[in-house]
Amino acid sequence: MSDLLSAQNLFKQFPGVRALDNVSLTVAHQELVAVIGENGAGKSTLMKILAGLQSPDRGQIHFEGQAVVLSGVQAAQSLGIALIHQELVLADNLDAAGNIFLGREPRRGIFIQREVMREKAQRLLDQLGAGFAATTPVSELSLGQRQMVEIAKALSLDAKLLIMDEPTSSLSMRETENLFRVIAGLRKAGLSILYISHRLGEVKHLADRVVALRDGRNAGGLSREEITHDAMVRLMVGRDLSGARPVEARPPGEVVLEVKSLRTQAFPAHEVSFQICRGEMVGLAGLVGAGRTEVLRALFGVEPPLAGEVQVAGKALLARHPEEALAAGLALVPEDRKALGVFLEESVQWNVALTTLKRDAKGGVLVNEKAGAALTEELGRQLRIKAASPDTLVGTLSGGNQQKVVLGKWLALAPKVLLLDEPTRGIDVGAKAEIYQLMEKLAAEGMAVLFASSELEEVLAISDRVLVMHEGRLSGELSRAEATEERIMELATGLSRSDLG
């Protein structure tokens, strides 16, 4: 099998950081190569170089046997290299066809041939089995459908190599299965694929070969027959993480969070009731759109509940504002940490100390810089936040360390109940293990932890109990011993606990 792409001895230096250090990579025709590694390993830099977004300081790139210089995105696209970003780059004010051919619209003179454009776009979408019209506004499409628009755009460019960066990070299970079907079809049609993902189960399912990066260098590779979860982890982090997750459920303490007949704004006709005990870690499972995030946001007062009773440590709470929830002992780590969890352009210390400004203020007015520095140092040590100094801007940290900063600012308030929405989304396997260990430590110290996760492997690994939601309702509860992937999926798709027997 000849090489479609060969990148040899790539170097890339940024101020104070060598992002790539003598990295090499090959992709054969019709091959799917997965690139894995912890955050900061160099994956994104490598993909940006191959897509023409950045230039290497040194190294050679060959495409279809010819030496090439990828001087920009258009240069890469003209060769047949297309990158689909994790954060999809689409114009919401245009329809699907307009996005697929944006900047390349078929014209007659100065006039856009809209019917021709829409017909071409529809053929591409039908080829992918997208199931929606090219005239549909992108603003009305789901994330999975938007991804089909991006793939159709790549096909319109006659792509030969498709680079997919974390393509399933925000997709439902059904959308993920559809994407896998599309990927299989693209490969049969002759495309090669570079696939970047933290979800190692996906990599095992899809990849012909795995290439691992660690600290900007090649850490090794695996053939199809060698790909296992443990083998990938060892290459990525250089150590065995088998002991990073708890084996036995903790005995719960007294009830610390009691929710009765809670009705959220998203599902006003459905009631949710459950209890969380001191020292317990409870997973909230369900398909995308099941109402998990809405329950967490209602408890924290981000989207005040329509009705219901909530008690925290025996005291009534129906939060109309996050400040009320905080005062009662709740804290929420949101799903979108960059938009809602941290201020990226501020320092680690500024972010961590933000929640305690009022408590630590001198004379109730002046900011206590000394207290903030001491708090940041202590939490940074406890959480093992990797930052050059407390003054380091949060936006320069890896995803895992940003998540630790979000956790740190809430842990400074010593909450009774910690709510986490997708606690490890976009975080590499090594940082995941550290987050799991931290959650385990907090529960062992008596904190109640309620977390929502779309990753069943994660839910099964760290939950003492699993609450499963379906269309705004709790469809069932499973103990650690009862919880399996099959049972969770049955409940998540609408079966009741009694149906399971």
*Tell me, what are the semi-axes, in whole angstrom and largest first, of the equivalent ellipsoid of region 1-108 as set by the roots of 5 times the Cα gyration tensor eigenvalues?*
27, 18, 14
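Taking a quarter of the surface of the convex hull around the Cα atoms of region 3-237, what do you get in nm²? Numbers along the way, then the final one.
Values: hull surface 53.2 nm².
If I average the Cα hull's projected area over directions, I get 13.3 nm².
When the dipole is taken about the Cα centre of the chain, and only Lys, Arg (+1) and Asp, Glu (-1) are charged at their Cβ, what size is it in debye, to the nearest 20?
Numbers: 56 positive and 63 negative charges, 165 e Å.
It comes to approximately 800 debye.
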*Over the chain, what is the relative contact order in whole percent, taking alpha-carbon pairs under 8 Å and six or more residues apart?*
15
*Looking at the chain, what % of the alpha carbon pairs are farther apart than 46 Å?*
16
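May I ask you to sort V256, V295 by Cβ crowding, counting other Cβ atoms within 10 Å and putting the fewest first? Mind dumping the intermediate values first?
Details: V256 22, V295 29.
Sorted ascending by nearby Cβ count, the order is V256, V295.
Which entries of K43/K120; K409/K432; K43/K404; K48/K153 have Cα-Cα distances beyond 24 Å here? List each step's numbers first, then the result.
Working: K43/K120 34 Å; K409/K432 19 Å; K43/K404 21 Å; K48/K153 18 Å.
Going by Cα-Cα distance, K43/K120 fall outside the 24 Å limit.
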*asked:* Tell me which of L460, H198, T228 sits at the most positive position along the dipole axis of the chain, charges placed on C-beta atoms (Lys, Arg +1; Asp, Glu -1).
replied: H198
*Starting with the fewest neighbours, write out K260, K12 ranked by other beta-carbon atoms found within 10 Å of each beta-carbon.*
K260, K12
_Share antiparallel - DSSP beta bridges, the chain, percent rounded to 5_ = 60
*Which of E150, E140 comes first, and how do the rest follow, when ranked by fewest Cβ neighbours within 10 Å?*
E140, E150
*Value of [θ]222 nm, deg cm²/dmol, for the chain, DSSP H segments ≥ 4, -39500 (n - 2.57) each, nearest 500*: -10000 deg cm²/dmol
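How much space per residue, in cubic angstrom, does the convex hull of the C-alpha atoms of region 88-158 take up?
In region 88-158, the Cα hull volume divided by residue count equals 80 Å³.
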*aspartates and glutamates near K204 by alpha-carbon distance under 15 Å, same-chain residues fewer than 8 away left out - which ones?*
E31, E166, E177, E225, E226, D230, E457
*asked:* Which one, I183, L161, Q60, is farthest towards the positive end of the dipole of the chain when Lys and Arg carry +1 and Asp and Glu -1 on their Cβ?
replied: Q60
*Scan around G220 for amide H atoms under 5 Å from its own, H built in the peptide plane at 1.01 Å from N, and keep only partners 5 or more places away or cross-chain.*
A212
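Here, each number is a calculation from the coordinates, and none is a lab measurement. Note that this is a predicted model, so its numbers are computed, not measured. Every residue, glycine among them, receives a Cβ derived from its backbone with ideal geometry; neighbour counts consider all protein chains shown.
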